[in-house]
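Okay, structure first, notes after.
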Amino acid sequence: MRIAFVGKGGSGKTTLAALFTNYLVKKGNPVLAIDADINMHMGELLGFNEQIPFKKQLSSPEATKFIKQYLKGKNNRIKELSQFRKTTPPTRDSNFIRISENDPIINNFSLRKQNLAFMVVGTYDLDGIGASCYHNNLAILENLLSHILDKDCYVVVDMVAGTDAFANTLHFQFDLLVLVIEPTRKGLEVFRQYYELAKSAGIDTQILVIGNKIRSQEDKTFLLENIPNKLILDFFSDSNYLRKYEQKGDKFDLESLEESNLIVLDSLFSFFSKIKPDREMRLKKLYEIHKKYVAQDSIKERFGDLSDQIDESFEYSQVDK
Ligand SMILES: Nc1ncnc2c1ncn2[C@@H]1O[C@H](COP(=O)(O)OP(=O)(O)O)[C@@H](O)[C@H]1O
Ligand SMILES: [Mg+2]
């Protein structure tokens, strides 16, 4: 199962994604956490002291090449690596990623402890700064997500701030998208923007709101009066523990979090557990988007006809019973 945390910068995406990852790790199933936010600090909250070196960050040229080569496997519908686009779907001849240390991609590109593997998409390179380039970095994440077999494990993505989270194939690659919203006018504005995007992409049923940094009943009322109530899962309070953690930089410990906030994680988990993932439906959506993508003249000119990359007879269940 897969979940992404989205919202505006500073709203608490990384914090909630990391807390929920820690929570899932305790449950004992394999968890893959991916930091796709621009200022990367999810690892620290997950208890990793070391940084992932540039070459091991997913969007670095070395890593991207290795990963695409591996995922391609014996998939002859990809003639050369440059034709492996963000919408290129898997076939039964592709290699897939399984969340285990025996998996070459997990093994090469993640930090690990217990049942947790942690990857980062990676920073802007210098050329990317200022240009609207981060979604190019996100392309490799799209490939990973379409090739991960996650039946008995969890994937948690701390998503980039802003609407890049809805670009390309990213919005439908998850079973649940959690919008982290602060009780401010700016928070509402972000909510509306994202919700409109989600509706037009037909994924509004996969969206859930958690109010964050809640200080009072008034904060709750403010969100309840402005956001469809069925979308609001719960409210995460402004946390003294998190504040102290930010001040002192001690090791992060889930047990020390306020009871009321732990209960929010419980309710998120129980909501998440009830979802029935539909990966074959995701695959169909991927096909649709791929068809649109490859129909563009600019793509045809650069890469040739990529429409035969789709194997309509393939289903994930053929490679993952
Ligand atoms: N519920 C909360 N209580 C107290 N501080 C919080 C809470 N949620 C987030 N923060 C703090 O707000 C800041 C931004 O959070 P972060 O998770 O990095 O946001 P984002 O990833 O959305 O940019 C951090 O200093 C974090 O510790
Ligand atoms: Mg962040």
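Go through region 206-240 and give me each residue that's assigned to a helix (DSSP H, G or I) and exposed (fewer than 12 other Cβ atoms within 10 Å of the Cβ).
GLN217, GLU218, THR221, GLU225, ASN229, LYS230, ASN240
So for region 12-31 (the condition being under 21 Å from LEU208 (Cβ atoms), among the aromatic types (Phe, Trp, Tyr) and crowded, with 24+ Cβ neighbours inside 10 Å), does at least one residue qualify?
yes
Being surrounded by fewer than 19 Cβ atoms within 10 Å (Cβ to Cβ), at pLDDT 95 or above and away from ligand 2 (no atom under 16 Å from the Cβ): is that true of ASN76 here?
Yes, satisfied.
Taking the conditions exactly as written (at pLDDT 95 or above, in a strand (DSSP E or B) and either in contact with a Gly (Cβ under 8 Å, 6 or more places away or on another chain) or surrounded by fewer than 23 Cβ atoms within 10 Å (Cβ to Cβ) (or both)), does ARG112 satisfy them or not?
Against the criterion (at pLDDT 95 or above, in a strand (DSSP E or B) and either in contact with a Gly (Cβ under 8 Å, 6 or more places away or on another chain) or surrounded by fewer than 23 Cβ atoms within 10 Å (Cβ to Cβ) (or both)), ARG112 qualifies.
Out of the residues in region 187-205 that are within 16 Å of ligand 1 (Cβ to nearest atom) and surrounded by fewer than 16 Cβ atoms within 10 Å (Cβ to Cβ), state the one that is farthest from ASP164 (Cα to Cα).
GLU189
For (1) basic (Lys, Arg); (2) within 30 Å of LYS291 (Cβ to Cβ), each residue gets a yes or a no:
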position	(1), (2)
ILE3	no, yes
THR21	no, no
ASN29	no, no
HIS41	no, no
LYS55	yes, no
SER82	no, yes
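Being surrounded by fewer than 18 Cβ atoms within 10 Å (Cβ to Cβ), in contact (Cβ under 8 Å) with a residue 60 or more places away in the chain and outside any helix (DSSP H, G or I) is the filter here, so list the residues in region 80-95 that pass it.
ARG92
Can you find even one residue in region 140-148 that is within 16 Å of ligand 1 (Cβ to nearest atom), of a type outside the set (A, V, I, L, M, F, W, C), closer than 22 Å to SER59 by Cβ and outside any strand (DSSP E or B)?
Scanning region 140-148 turns up no residue that is within 16 Å of ligand 1 (Cβ to nearest atom), of a type outside the set (A, V, I, L, M, F, W, C), closer than 22 Å to SER59 by Cβ and outside any strand (DSSP E or B).
Select from region 159-185 the residues that are assigned to a helix (DSSP H, G or I) and modelled with pLDDT under 95 and list them in ascending order.
If the condition is that a residue be assigned to a helix (DSSP H, G or I) and modelled with pLDDT under 95, then THR163, ASP164, ALA165, PHE166, LEU170, HIS171, PHE172 are the ones that fit.
Check GLN247, GLN217, GLN296, GLN309 and return the single one that is in contact with a His (Cβ under 8 Å, 6 or more places away or on another chain) and of a type outside the set (Val, Ile, Thr).
GLN309
As an exercise: evaluate PHE314 against (1) more than 18 Å from GLU142 (Cβ to Cβ); (2) outside any helix (DSSP H, G or I) and give the number of the one condition it does not meet.
Answer for PHE314: the failing condition is (1).
Kindly provide the set of residues from region 52-65 that are surrounded by fewer than 18 Cβ atoms within 10 Å (Cβ to Cβ) and not in a loop (DSSP other than H, G, I, E, B), ordered by number.
PHE54, LYS55, PRO61, GLU62, LYS65
Which ones in region 219-238 are away from ligand 1 (no atom under 15 Å from the Cβ) and either more than 26 Å from the chain's Cα centre (by Cα) or β-branched (Val, Ile, Thr) (or both)?
Residues satisfying the conditions are THR221, PHE222, LEU224, GLU225, ASN226, ILE227, ILE232.
If I go through region 256-294 residue by residue, how many of them are within 20 Å of THR15 (Cβ to Cβ), among the small types (Gly, Ala, Ser) and modelled with pLDDT of 95 or more?
2
Based on this model, can you work out whether ASN39 counts as in a loop (DSSP other than H, G, I, E, B) and out of contact with any strand residue (DSSP E or B) (no Cβ under 9 Å at 6 or more places or on another chain)?
Here the answer is yes, as ASN39 does meet what is asked.
Answer yes or no: is there a residue in region 10-22 that is at positive phi and either more than 9 Å from ligand 1 (Cβ to nearest atom) or of a type in the set (A, V, I, L, M, F, W, C) (or both).
No - not one qualifying residue is present in region 10-22.
The values are calculated or read from the model by the stated rules, or taken from the named source; none is laboratory data. Source: prediction; values computed, not measured. Using ideal geometry, Cβ is built from the backbone for each residue, glycine included, and neighbour counts are taken over all protein chains shown.
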